[in-house]
Amino acid sequence: MRADLSVEELQALVRTVPDFPKPGIQFRDITTLIGHADGFASSVRHLAVLAKKAGAQKIAGMEARGFIFGAAVAVELGVGFVPIRKPGKLPVATIGVEYDLEYGTDRLEMDPQAVAEGERVMIVDDLIATGGTALAAAQLLRMAGASVDSAAFVIDLPDLSGAQKLREAGVDVSVLMHFDGD
Ligand code: AMP
């Protein structure tokens, strides 16, 4: 039987790498969390409890780290998984959304057939910072007809207000832990 780690124990497994990818950023690295068998499994179980409470009928995760947690949560919950992809990766006609980054823009794409009309889809990612990525994912899923009223993240950086922005867009946000700063 695997041990269930507390959120405090999980937080201790996240490695902080200063000045990555650029000076001043504290990169919260989940490599060390997912490399720990009980740490990874417990994070997934904690997220799956939140997804069950939210009544999620499907989980959507953003490339790439959202795939790690999102896919595992979907299996734990017994529902399907929707990959939200970087441009040009899907072999079918896609729908896409452009969103602003600190410098420039980025784009997310999905297969519009991946969700049914009105299906309750929960967004799962490793971390929410400014919320730009998660907001774009919510917009995209809604364009495809999904009902998106919940999202769950392993880590929140509350100083960047992403969770607040998502809540203002009608998405209920749950997180396992938070770190101060950006
Ligand atoms: P955002 O769109 O600003 O909410 O950024 C969210 C995405 O960027 C997440 O998918 C994270 O994987 C990544 N990210 C942003 N800031 C950090 C950070 N300080 N440490 C680790 N990952 C980050």
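Observations on the model:
- Relative contact order %, the range 66-182, counting alpha carbon pairs below 8 Å whose residues are six or more apart: 22
- Footprinting exposure proxy ranking of SER161, SER150, SER174, fewest other C-beta atoms within 10 angstrom first, gives SER161, SER174, SER150.
- For the range 55-178, the Kirkwood estimate of hydrodynamic radius, built from reciprocal distances between every pair of different alpha carbons, is 14.1 Å.
- In loop segments of the range 37-135 as defined by DSSP, the trypsin sites (Lys or Arg not before Pro) with at most 11 further C-beta atoms inside 10 Å of their C-beta are LYS89.
- Sparsely packed GluC sites (Glu not before Pro) within the range 75-182, loop by DSSP, other Cβ within 10 Å at most 10: GLU102, GLU117
- For the chain, the antiparallel share of DSSP beta bridges with both residues in that region comes to about 35%.
- Along the range 137-154 the Karplus relation, 6.51 cos²θ - 1.76 cosθ + 1.60 evaluated at θ = phi - 60°, assigns HN-Hα couplings of 5, 5, 4, 5, 5, 5, 4, 7, x, 6, 9, 10, 10, 8, 8, 9, 10, 5 Hz to successive residues, with x for each Gly and Pro.
Rule-based calculations on the coordinates, nothing more; no lab input. All figures in this text were calculated on a predicted structure; none of them were measured in a lab. We place every Cβ from the backbone using ideal geometry, glycine too, and count neighbours over all the protein chains shown.
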